[in-house]
Structures are given as C-alpha cells and as structure tokens.
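What follows is calculated from the coordinates using simple rules that are stated; it is not laboratory data. From a predicted model like this one, the values you see are computed outputs, not experimental measurements. As a convention, Cβ positions derive from the backbone with ideal geometry for all residues, glycine included, and neighbour counts pool all protein chains shown.
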Amino acid sequence: KFAVGITGIGSYLPEKIVTNSDIEKMVETSDEWIVARTGIKQRRVVDESTATSDVATKAAEKAIKDAGIDAEKIDLIIVATATADMAFPSTACIVQRNIAAINAAAFDISAACTGFVYALTMGEQFIKTGFYKNALIIGAEAMSKVVDWQDRNTCILFGDGAGAVMLERTEEGMGILASYLGANGEGGDCLTIPAGGSRLPATYETIESRLHCIKMDGSEVFKFAVRVMASAALKALEKSNLSLEEIDFLIPHQANIRIIEAAAKRLKLPMEKVYVNLDQYGNMSAASVPVALDEAVKKGLIKKGDNVVMVAFGGGLTWGSTVLKW
Ligand code: ACO
C-alpha cells in the first residue's frame, strides 16, 4: 500500500518586472484602481525570445533537483498551460527534450488556470494504478504573449512564471489525500482566446480585431470564481475526511485578492492560513498554484505533516481542488 505525494518542488519567475505605473503609460488606468480592485502591484514578464517551455524547463529542473531524481528515470511529463509554445509539438515534449527525460511520455493539458490541479490529479492516477512510478507535473505560462496590452480590462491582471512538482509514491496517509475536478462548458464564452485554433484560424482580420488575445467578461468570471472556489475546496475536503478546522494552509489560485478573501470568508479560514502572492506576480494562470505552493514551503509556512488545500478556477469554465498532507 502506498500514497502519491510531492517529493520535489521548484518554481521560476522571469526577472523583468512590470509595475502598475508602467501599465499606466500603456492604458487609461491607475495604480490605485488596480490595487483596490485586484490587489496586484506588479507582475513578471518574459522577454520577447522566451516561451512557455523555457520557463517550464527552469521550474522543472529545480523540482527534479529537489526530488533528487535522474531525468532519465522520469516516466511522464504533463504541462498545464494556456500559452503553449505552439499547437504542436506539445510544450511537454519540448521540456522533455530540454531536460533529456528520454524515457518519459509527455503531453499538455488545457484547463486554463485550473490546469495545474487537473494535471496533478492526472499524474496521481497514473501512479496510483501502477502504470507509472512517477510524474513531473508543471504549470507554466507566458500570459504576456496573449494579453491585449491595449485592453485595460485584462492587461492589468496577468503575469508569467512556472512551477513544477515531482510526484512519486510516498508512505500511506501522506501526500495527496483527495481531489475534485469540475467543468461547465456552458459558461466558457466569458473567458476565451477566440482565434488561432480551427474555429478562427489566423487571418489579417483576426489579427486586426485582436482576436488572438484574451477576451474576458470580468464580472461574470468574478461571480463564478467566488461561488466555485469555496465549494470546490469543500468537495475535496469532504472526500479527504478532514474538517475545515484541520486545514493548516490554503493555496488558492491567484486571480484577485477580493476573490481569495471571499473564498476564505466562505470557508471561515483566517487570512493567516491563506497564501497570497498576487501582489507580486498577478495571475499566472496554471503557474499560480505551484509557484504559491513552492514559496509557502520555502518560507517554512507549510511544514511536514501539514494539511494543505489547493483550489483553482479558470477558463473552460473549469475548477478543481486537491487536499494533501505535506
Ligand atoms: N483601470 C481603470 N478602470 C478600469 C480598468 C482599469 N484597469 N479595468 C476596467 N475598468 C473600468 C471598466 O471600464 C468599467 O468602467 P464602466 O463601468 O465605466 O464601464 C469598470 O472599471 C469596471 O468596474 P467593475 O466591473 O466594478 O470592476 P470590477 O470590480 O469587477 O473589477 C476585474 C474588474 C478586476 C476584472 C474583476 O471583475 C475580476 O477580477 N474578475 C475576474 C477576472 C479573473 O479572475 N480572470 C482570470 C480567470 S482565470 C483564467 O483561466 C485565465
């Protein structure tokens, strides 16, 4: 008997910082508005020549080193991203080449900001069934490449980065205790990148209409997020047989401080138990949760044996949560 747990973790953030006052020079907005409405003060942005696989590789290398595993021993690589380098090959295959994980299968999954939670659950299943011994799970994004820098409704929100974990067998009672995933395609239209796929392939018109960038109905997403964050966390908690009082730390998707606070309130969790870094990085989509988890662990806020809940929501619409004993 065994459980599946995280045996290594790492994250990477590009060096370049874009502050709210930098954005004031691009669109009609203000630092005060952005901080008051979102909690975001700055975000990291990759340079022109850097793609998602580059930041994913850097995070992956740290997680592998932390786990003390040889790249050749990795069985599976899953990259969760909404900003793949290209339609194919998958970003996971590019990472596989970069780290020389020559024996690993590799694929991407698309669940927007919920991607890391989806990918973690998928990796867990492969190990649980005995199909694989381990899996490298990465959440990585170069959101700055798909943001419309002329749209103040969205360009203030997003940032770039990557986080990765090594999943392996661990002793029973440790590691992932329960997971829950959900989706509602009916609500999908409120958060999209409309063009660039088979529905609207690239034409001069799609480029002129900026349809290759993120389109969002912010208030619809906001309402959905507040509703789903707490309920998703509770669903996984229920499956884990833990009570809210037994939760030591909540790692929420970092989209908006008001969404996080509303979720914490619904869960009756004090904010001291909730990790927040969106003031520094904005919403890094699938990278938000693993970067936050890595920081909380490195800062000693999450200690061995702590019960941690990760919860996310995003385009799709999708949502999901994982309860683990660190
Ligand atoms: N600066 C100044 N004014 C702005 C800005 C800005 N950057 N952005 C919007 N506004 C204006 C709008 O034009 C609008 O003005 P109007 O009323 O005259 O038309 C007004 O502010 C909008 O006000 P609200 O709707 O009250 O703004 P709200 O408090 O809802 O905040 C926000 C907007 C921050 C986008 C919020 O709705 C939100 O965070 N939504 C969730 C977004 C999210 O989480 N997205 C990520 C999903 S994850 C994924 O999968 C990618």
Among 40-48, 55-63, how do they line up by average Cβ neighbours within 10 Å per residue, starting with the highest? 55-63, 40-48
So, counting K/R as plus one and D/E as minus one, what does the shell of residues with Cβ under 14 Å around Gly5 add up to? 0
note: the stretch 141-260, Cα-Cα separations exceeding 25 Å make up a percent value of 42 percent
Let me have the 222 nm mean residue ellipticity of the chain computed from DSSP H runs of 4+ only, each contributing -39500 (n - 2.57), with the sum over all residues rounded to the nearest 500. -10000 deg cm²/dmol
Quick one: 3J(HN,Hα) in Hz for the stretch 154-160, Karplus 6.51/-1.76/1.60 with θ = phi - 60°, rounded, Gly and Pro as x. 10, 5, 6, 8, 9, x, 10
Please give the charge dipole size of the stretch 182-294, origin at the Cα centre, charges +1 on K and R Cβ atoms and -1 on D and E Cβ atoms. Round to the nearest 20 debye. 220 debye
So for each of 90-99, 157-166 I average, over its residues, the number of other beta carbons within 10 Å; can you give me the resulting order with the highest mean first? 157-166, 90-99
Rounded to whole Hz and in sequence order, give me ³J(HN,Hα) for the stretch 84-98 from the Karplus expression 6.51 cos²θ - 1.76 cosθ + 1.60, θ = phi - 60°, writing x for Gly and Pro. 4, 3, 7, 4, 7, x, 5, 4, 4, 5, 5, 5, 4, 5, 4
Would you please give the FRET efficiency between Ile17 and Ile207, computed as 1/(1 + (r/R0)^6) with r the Cβ-Cβ distance and R0 = 22 Å, to the nearest 0.05? 0.20
Sorted by average packing, counted as other Cβ atoms within 10 angstrom per residue and highest first, what order do 301-312, 197-208 take? 301-312, 197-208
Placed amide H near Asn283: partners under 5 Å, 5+ positions off or other chain: Phe158, Gly159
Please give the direction-averaged projected area of the C-alpha convex hull for the chain, in square nanometres with one decimal. 15.6 nm²
First obtain the Kirkwood hydrodynamic radius of the stretch 1-132 from its Cα pairs, then insert it into the Stokes-Einstein equation at 20 °C and 1.002 mPa s, and state the resulting D in µm² per second as a whole number. 128 µm²/s
Within a Cβ distance under 13 Å of Lys304, other residues only, what is the Lys/Arg minus Asp/Glu net charge? -1
Given a cut-off of 25 Å, name the pairs among Lys62/Lys215; Lys16/Lys62; Lys273/Lys299 whose C-alpha atoms lie farther apart than that in the structure shown. Lys62/Lys215
Which log10 I(q)/I(0) values, to two decimals, does the stretch 89-213 give at q = 0.21 Å⁻¹ under the Debye formula with one point per Cα? -1.32
Note, Ile193: beta-carbon cut-off 11 Å, +1 each Lys/Arg, -1 each Asp/Glu, net +3
